[in-house]
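Structure record follows, encoded as structure tokens.
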Amino acid sequence: MNIFHTSDNMHYRRWVNFIPTFLLPGSAQFLSGRKTAGIAIFLLYALFSATIVGILVHPRTGYSVNQRGLLDWVICIFGLLIAGDSLRRPIPRLGFRNWVILLAVSLAVIFLPTLAIRTFLIQPFKIPTGAMAPTIMGNRTDANGNPIIGDHIFVNKLIYRLADPRRGDVIVFRTQGLPFVNQDTFFIKRIAGLPGETIGIVPPYILVNEAKVTTPAIFSMIAEEKNGYSGFCPAMPGSPYSLSLSSPSARITLGPDEYLVLGDNTRNSLDGRYFGAINRKAIIGKAVYIYAPVDRKRIIE
């Protein structure tokens, strides 16, 4: 008994419909001759997927990418309904070439928009460390020693194509070329110094051209140790790294395309106090939103 083809040898057995359905929802209906239904199902699938993403990231919902709960059942049932509907008619034999075309189209439809968004608009990142705490939390444990996954954030990659980085922006940047750090990774810090400025740290304040920085408001909040912040301090003595800002008297003057970045938790942050300035071309984008876990969803300020 042929497990792939029907007795007329012109169609596939209906279980084969699951393969194109898995590759691209609606494609089995389209290939079996139900073209309108196939297009409608794909559009419904796209709308459903966008709705699920909206629910997962919206700050007022009790779901996130790592706490989906009931949404997993909704997704599963929706997928089963599409798969069940695909069994109504058998698919004609396609041949190797048409299967390759189907695979290519499926990959293009599913992955190209995602790749374009990640490359030019929004890219997600996971935060493993506490260098930006409490603004952005890294991996940690609760009072009982249970692990808590760090914040998941969205980074706006378009914004700095349209405007210059500003003081107070939380940015993600490449570490290539910076001393004392892993060269194949990304850091997240807050911009404290802008091109051409001279920066110092006299605890608990940052100085820019010898004036205390109090705006945006986050700098005052950190310096005044409000809401869990602990003030700004120079690089820790005894560090194995070369120190750019190692004492209250130390200063660093930035070049025309350079920025000084600091962690909000300066007592536990490897940042510009150690490795110096970063170049604008290293900046990936601005961190704008925490989308997981559930109790951390918020705009980053």
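The values are calculated or read from the model by the stated rules, or taken from the named source; none is laboratory data. Not measured: the values here are computed from a predicted model. Cβ placement follows ideal geometry from the backbone for every residue including glycine, while neighbour counts extend to all protein chains displayed. What goes into the accessible areas is simple: the full protein's heavy atoms, side chains included, and nothing from ligands, DNA or RNA. Shrake-Rupley method; radii C 1.70, N 1.55, O 1.52, S 1.80 Å.
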Within the stretch 283-301, considering residues that are within 18 Å of D164 (Cα to Cα) and of a type outside the set (V, I, T), the one surrounded by the fewest Cβ atoms within 10 Å (Cβ to Cβ): E301
Run down I201, I191 and say which single residue is farther than 15 Å from E258 by Cα and surrounded by 17 or more Cβ atoms within 10 Å (Cβ to Cβ). I201
Among the residues of the stretch 212-226, count how many are open to solvent by 40 Å² or more (accessible area, probe 1.4 Å) and not in a loop (DSSP other than H, G, I, E, B). 3
Spot the failing condition for N209; the list is (1) open to solvent by 70 Å² or more (accessible area, probe 1.4 Å); (2) at pLDDT below 95, and only one is missed. (2)
Do we find that G145 is under 23 Å from G285 (Cα atoms), open to solvent by 40 Å² or more (accessible area, probe 1.4 Å) and assigned to a loop (DSSP other than H, G, I, E, B) in this structure? no
Within the stretch 168-184, restricting to residues that are open to solvent by less than 70 Å² (accessible area, probe 1.4 Å) and in contact with an Asp or Glu (Cβ under 9 Å, 6 or more places away or on another chain), the one that is farthest from Y291 (Cα to Cα) is T175
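Here is a yes/no grid of residues against (1) closer than 25 Å to A104 by Cα; (2) under 26 Å from the mean Cα position of the chain (by Cα):
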{"site": "F18", "(1), (2)": "yes, no"}
{"site": "L31", "(1), (2)": "yes, no"}
{"site": "G38", "(1), (2)": "yes, no"}
{"site": "S49", "(1), (2)": "yes, yes"}
{"site": "I55", "(1), (2)": "no, yes"}
{"site": "H58", "(1), (2)": "no, yes"}
{"site": "V65", "(1), (2)": "no, yes"}
{"site": "W73", "(1), (2)": "no, yes"}
{"site": "L81", "(1), (2)": "yes, no"}
Considering each residue of the stretch 234-271, count those that are under 31 Å from the mean Cα position of the chain (by Cα), modelled with pLDDT of 95 or more and either surrounded by fewer than 16 Cβ atoms within 10 Å (Cβ to Cβ) or not in a loop (DSSP other than H, G, I, E, B) (or both), and give that number. 8
Candidates T175, T141 - the one that is of a type in the set (S, T, N, Q), at pLDDT 95 or above and closer than 20 Å to N265 by Cα: T175
Does R88 satisfy the condition of being surrounded by fewer than 18 Cβ atoms within 10 Å (Cβ to Cβ), under 19 Å from Y45 (Cβ atoms) and touching a residue at least 12 places away in the same chain (Cβ under 8 Å)? yes
Residues (open to solvent by less than 40 Å² (accessible area, probe 1.4 Å) and β-branched (V, I, T)) located in the stretch 26-42: I41
Would you pick out the residues in the stretch 80-118 that are of a type in the set (V, I, T) and over 22 Å from G33 (Cβ atoms)? I110, T114, I117
From F111, F125, residue being closer than 30 Å to A223 by Cα and not charged (D, E, K, R): F125
